[in-house]
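What follows is one structure encoded as structure tokens, with my remarks underneath.
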Amino acid sequence: MKDLQKKLEKLLVEAEDCELIGRLASDVAKRETFRRLSMQLREMAEELKQTIAQVADDGIKPPMT
């Protein structure tokens, strides 16, 4: 479970980093690329949150990755 929590935290930090890079980018295409990447990372983080909640509720072992 701790591994999943660490992965979740890493995804959220990476999403924040991408968002910041996107805001600072002078090139429009780069801004859009980093904005989309940030959104995808946040979606992945949300899915992982749901998995963590399900694992906690079911009392099952998380999948090995």
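The values are calculated or read from the model by the stated rules, or taken from the named source; none is laboratory data. Note that the structure is predicted; figures quoted are calculated from it, not measured. Keep in mind that these areas ignore ligands, DNA and RNA; they rest on the heavy atoms of the full protein, side chains included. Shrake-Rupley method; radii C 1.70, N 1.55, O 1.52, S 1.80 Å.
Pulled fully out, how much extra length does the chain show between residue 32 and residue 54, if you take 0.36 nm times their separation in residues and subtract their Cα-Cα distance?
That pair, residue 32 and residue 54, stretches by 4.6 nm at full extension.
Only one of the listed values, [x] 16, 13, 10; [y] 18, 12, 10; [z] 30, 9, 7, was derived from the coordinates as semi-axes √(5λ) of the Cα gyration tensor in Å; which label is it?
Recomputing semi-axes √(5λ) of the Cα gyration tensor in Å here gives the entry labelled [z].
Is it possible to state the helix-based mean residue ellipticity at 222 nm for the chain, with each DSSP H run of 4+ residues giving -39500 (n - 2.57), the sum divided by total residues, to the nearest 500 deg cm²/dmol? What is it?
-29500 deg cm²/dmol
Using alpha carbons only, how many degrees (0 to 90, rounded to 10) separate the axis of helix 28-58 from the longest principal axis of the chain?
Computed tilt is about 10 degrees.
I'd like the orientation of helix 2-24 relative to the chain: the angle between its Cα long axis and the longest Cα principal axis, in ° from 0 to 90, rounded to 10.
Taking the Cα atoms of the chain, the angle to 2-24 is about 10 degrees.
How large, in percent, is the carbon and sulfur part of the accessible surface of the chain at a probe radius of 1.4 Å?
On the way: 2960 of 5150 Å².
The nonpolar share, carbon plus sulfur, comes to 58 percent.
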